[in-house]
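Please treat every number below as a calculation from the coordinates, not as lab data. Everything quoted here is computed from the prediction, not taken from an experiment. Methodologically, a virtual Cβ is constructed for each residue, glycine included, from the backbone with ideal geometry; neighbour enumeration extends over all protein chains shown.
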Amino acid sequence: MNDYIERLPNWARWIIALPAALLCSWLGRAVAVFCYQWWNGGESFWSYITGTAAETIIFVYVLYEIIPNYKFICSVIVNVLLGGLLLFLTLYAIYKGTITIDGSVGGLIINNAIMLGILIYYSVMLYKAEHPYRFDNSQTWD
């Protein structure tokens, strides 16, 4: 699959990156939630957490596989934008009293913390991949 993506010109990869990542993440979330609910026999708090983790991991993976260059900078931008959006949505839900995950503020905060944790993890991994010389342990300091 990666061979097909690499054949595309960079401008086309930039254009299709976000729509492809969103589509794949929504499909992945639906499959993860369906499988969890089918396996456990119903809807629960953990089905939301499973869906959130699957959606975030798939979104980040697809987005960063398609983007041709500047992956770390893009990850920082995505972290800031999604972090701000999650903070806004959390504060709005608390203010309006419309909390959707198991009816508690704690559930919403846990859900958002999982998303941000996954995003930050991928950003660190992308930074390490783009700057391997900074993490070379073969050097000794005298």
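Observations
- Remark on region 7-52: ratio of C-alpha radius of gyration to 2.2 N^0.38 Å is 1.61.
- Residue order for CYS35, CYS24, fewest other beta carbons within 10 angstrom first, comes to CYS35, CYS24.
- At most 15 other Cβ within 10 Å, DSSP loop - GluC sites (Glu not before Pro), region 1-81: GLU43
- Among LEU81, LEU18, the ranking by other beta carbons within 10 Å of each residue's beta carbon, starting with the fewest, stands as LEU81, LEU18.
- In region 1-87, the chymotrypsin sites (Phe, Trp or Tyr not before Pro) that fall in loop regions by DSSP, at most 13 other Cβ within 10 Å: TYR70
- Of the Cα atoms belonging to region 1-82, the radius of gyration and Dmax stand at 14.9, 46 Å.
- Per-residue Cβ neighbour rank within 10 angstrom, fewest leading, LYS128, LYS96: LYS96, LYS128
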